[in-house]
1. Counting Lys and Arg as +1 and Asp and Glu as -1, what is the net charge of the other residues whose Cβ lies under 14 Å from the Cβ of Gln110?
2. At Asp6 and Leu118, where each label point lies 7 Å from the Cα along Cα→Cβ, what is the point-to-point distance in nanometres?
Amino acid sequence: MAPEFDINSYEAMETEVINALGDNTTEEAIKITSTGPVKVVLDEMQVDEDESSLLPNTLNIRPKLDKTNKSSEKTKADPEMLIEGNTKLNKLRKMQFKRDKKKKARNEKQAVNLADVLENVTLSSANKSDVYDFKEDFK
């Protein structure tokens, strides 16, 4: 049996280590005098009235939102984007992005269909044998 799995050798090693540690513990330890046993007293918890009034009885987690204020925050307009040429350019960019996105999706769909077709293609037919005769093709 391997020494790692031998319980008797493990116990012997363990006792040696414990004996070596037992001698040095008194030198480094700090002696504290005991104050005696502690008595447990069960008292009811005292609640300060000031702490109990910190939170109201009912609390609205989500207050009603003012939608008009929210819309004005979203429409912070950049003065450069208000110029007619820039708005048209931005609109053209968005349209081009949409076109490119659609084209990419179409190409990926075609690639998936082509991959499915190519998976089903077999390179050899069931009628031919694996023996190839060069004399037939190269005369």
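1. That sum, taken over residues with Cβ under 14 Å, equals +3.
2. For the pair Asp6/Leu118, the computed spacing is 6.3 nm.
Since every read-out is calculated from the coordinates, none of them should be taken as a lab result. As the structure is a prediction and not an experimental result, all values here were calculated from the model. All Cβ positions, even for glycine, are placed from backbone atoms using ideal geometry, and neighbour counts span all protein chains on display.
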